[in-house]
Amino acid sequence: MHRLIEETRAKLFKSAAQNGLDSQVTIDISQELDILINCIQRKRFKESQSYS
């Protein structure tokens with residue numbers, strides 16, 4: 001999962017450089033990255049709750 005996040009982040013930077021920050025392509029990749037990061041955060045939160 002972490003590798004996928006890093007790959008998506010690299011894709012985001014490349015798209016921003018090529019297409020601009022406000023292009024739909026860049027926005028779509030940014031939203032994809034947000035979803036991936038949120039998945040990791042939810043998983044970590046659930047794990048921390050199980051230890052409490």
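Residues that are touching a residue at least 12 places away in the same chain (Cβ under 8 Å) and not small (G, A, S) within the stretch 1-29 comprise M1, H2, L4, I5, T8, R9, K11, L12, T26, I29, listed in sequence order. Going by the structure shown, is S48 hydroxyl-bearing (S, T, Y), more than 10 Å from the chain's Cα centre (by Cα), modelled with pLDDT of 95 or more and open to solvent by less than 80 Å² (accessible area, probe 1.4 Å)? No; evaluated as a whole, the condition is false for this residue. Among the residues making up the stretch 3-36, a single one is loosely packed, with under 14 Cβ neighbours inside 10 Å and β-branched (V, I, T): I35.
The values are calculated or read from the model by the stated rules, or taken from the named source; none is laboratory data. For clarity, every value in this text was computed on a predicted model and none was experimentally measured. Positions of Cβ are backbone-derived with ideal geometry, glycine not excepted, and every protein chain shown enters the neighbour counts. Note: areas computed on protein heavy atoms with side chains; ligands, DNA, RNA excluded. Shrake-Rupley method; radii C 1.70, N 1.55, O 1.52, S 1.80 Å.
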